[in-house]
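Please treat every number below as a calculation from the coordinates, not as lab data. Note that the structure is a prediction, hence the values are computed from the model and not measured. Neighbour counts run over all protein chains shown; Cβ positions are idealised from the backbone, glycine included.
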Amino acid sequence: MKKTILIFVSLTCFATIASVGSSMAEEMLIQDSGNETTVNISALYSSGFLGVAEAVKFTPPKAGWILDSVQILGWDGYEENGTLPDERMICMEIRDENLRLLYRFTDSQLPYFTFSGMPGMGVIEVPSLPMNGDFYVCFYDRGAVDIGLDWNKVEGNSFFYDMMTGELIPAEVGTKNSEELIPVNWIIRAAGR
C-alpha cells in the first residue's frame, strides 16, 4: 500500500511539474503575415523622425500573459567588409491599451541591428511585464535602422505613433514612382509566456 501511495504521489508531482513547464513555453505574437522571406531590402522603412515610432498593437492570448522580449526585423545598413555604421540611439516603448507608458528602452542600434549585408531579427529583452489587455510596441528608429514591413495580409494593427501628440496613425508608406500610399504591417513581434 505504501508503495502504491508513493508511486501515485510521484506521478502526481511529475504531472504537475510537466504542466508547469509546458505553460512556461514561450509564445510569439505576430501581427504580420509571418513570412520574413517576402521582405527584402526594398521593403524596409525608416520614419527618420525622433518622436515618431513604428507601432504595433498586440492582444495577449490570456490575462496575465508575460511579455519577455520584442523582435524587430531591421537593418542599420552595415555591409560586409565595410566599416561599422555610425552609432545612433534607438528607443522602444511598451504602452498599454490607453497608450500609457509601461516601459522604455534606449540604446545604440549596433548590438541589435548590425547584420552583415542584410536585415535580420533584432531581439530586445524586456523585464517580465504582465499584460492584461491590448498593448503596443513602439519602436523609434530615429533614422538609425530601417524596419521590415510587410504588405501581405495587412491586419490594421500597425501604426505610426506620434510621441508629442499621442496620436496613432495607420501605417501607410509610399512606393517608388508612385504617390499612392500602401497600408503595411511592421515586422515587430512580441514574445512571452
> Residues in region 118-137: is at least one outside any loop (DSSP other than H, G, I, E, B) and over 15 Å from the mean Cα position of the chain (by Cα)?
Replying inline: yes
> Which one is farthest from the chain's Cα centre (by Cα), of the residues in region 163-193 that are of a type outside the set (A, V, I, L, M) and within 23 Å of L67 (Cα to Cα)?
Replying inline: G166
> Out of region 138-157, which residues are free of Cβ contacts under 8 Å to residues at least 60 places away in the same chain and within 15 Å of the chain's Cα centre (by Cα)?
Replying inline: none
> Which numbered condition trips up P111, out of (1) within 19 Å of M28 (Cβ to Cβ); (2) surrounded by fewer than 18 Cβ atoms within 10 Å (Cβ to Cβ)?
Replying inline: (1)
> When only residues in region 158-175 that are in a loop (DSSP other than H, G, I, E, B) and without any contact (Cβ under 8 Å) to a residue 40 or more places away in the chain count, which is surrounded by the most Cβ atoms within 10 Å (Cβ to Cβ)?
Replying inline: T175
